[in-house]
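Participant: Let me give you the structure first, and then I'll get to my questions.
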Amino acid sequence: VLERAKKIRFGDPMDRATDLGTVVHEKAAALFEARVHMAAEQGADILYNPGRQGALLPPIVVDRVPHTSELVMEETFGPIIPIVRAPDDDEALIALSNSTAFGLSSGVCTNSFPRMQKYIAGLQVGTVNIWEVPGYRIEMSPFGGIKDSGNGYKEGVIEAMKSYTNVKTFSLPWS
């Protein structure tokens, strides 16, 4: 991860040689950078941080990030790779994942069908992908989050069609 992050060319988003441009604005970049430094104060190791320049936030790699750190407990939409050491215990890992306010999607890598079932049942998320990245989805399936993530199940072909309809209840005076 570290070596790949170091190879990313960041800079002017209009330059074709650039791999990574700016985040949404300078205030967001400053917030994300502050979260990195707060994680370091909590014991995390900053492995790579070439330095922020305004809204240009380069790829940052942070190891041993405490799972209670704001860097991972809040949505940080920036090029930051927080490495969180996870317990080697299914129940503890599920509890760790469920400890956030978010529940959009997850990715689980296992070949054990009983473990798949355990994670599917235990994770408090809208989607559990086995051997796929958390953002993977098929357009025919509903997609949305729970808790503070997403806007409910409004994506996917069938759910999109439902969003164009109105439900109407009526009664008739039949005796």
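The values are calculated or read from the model by the stated rules, or taken from the named source; none is laboratory data. It should be emphasised that the depicted structure is a prediction, and the values quoted were computed from it without experimental measurement. When we count neighbours, we look across all protein chains shown, and the Cβ atoms used for this are built from the backbone with ideal geometry, even at glycine.
Participant: I want to confirm something. Restricting to the stretch 109-130 and keeping residues that are surrounded by fewer than 13 Cβ atoms within 10 Å (Cβ to Cβ) and under 22 Å from Ser149 (Cβ atoms), which single residue is modelled with the lowest pLDDT? Give the derivation first.
Facilitator: Kept after step one, since they are surrounded by fewer than 13 Cβ atoms within 10 Å (Cβ to Cβ), are these residues of the stretch 109-130: 109, 111-114, 117, 121.
Then keep just the ones that are under 22 Å from Ser149 (Cβ atoms); that gives 109, 121.
Details: Cys109: 91, Ala121: 95.
Step by step, filter the stretch 109-130, then rank; the result is Cys109.
Participant: Then there's this: Give the stretch 93-118 a look and list any residue that's touching a Pro at 6+ places or on another chain (Cβ under 7 Å) and either without any contact (Cβ under 8 Å) to a residue 12 or more places away in the chain or outside the structural domain of Lys147 (by TED's automatic domain parsing) (or both), or say none.
Facilitator: Listed by number, the list holds a single entry, Leu93.
Participant: So how many residues does the stretch 131-173 have that are basic (Lys, Arg), loosely packed, with under 15 Cβ neighbours inside 10 Å and at pLDDT below 70?
Facilitator: 2
Participant: One residue is enough: does the stretch 23-45 have a residue meeting the conditions part of a strand (DSSP E or B) and under 20 Å from the mean Cα position of the chain (by Cα)?
Facilitator: No, the stretch 23-45 has no match at all.
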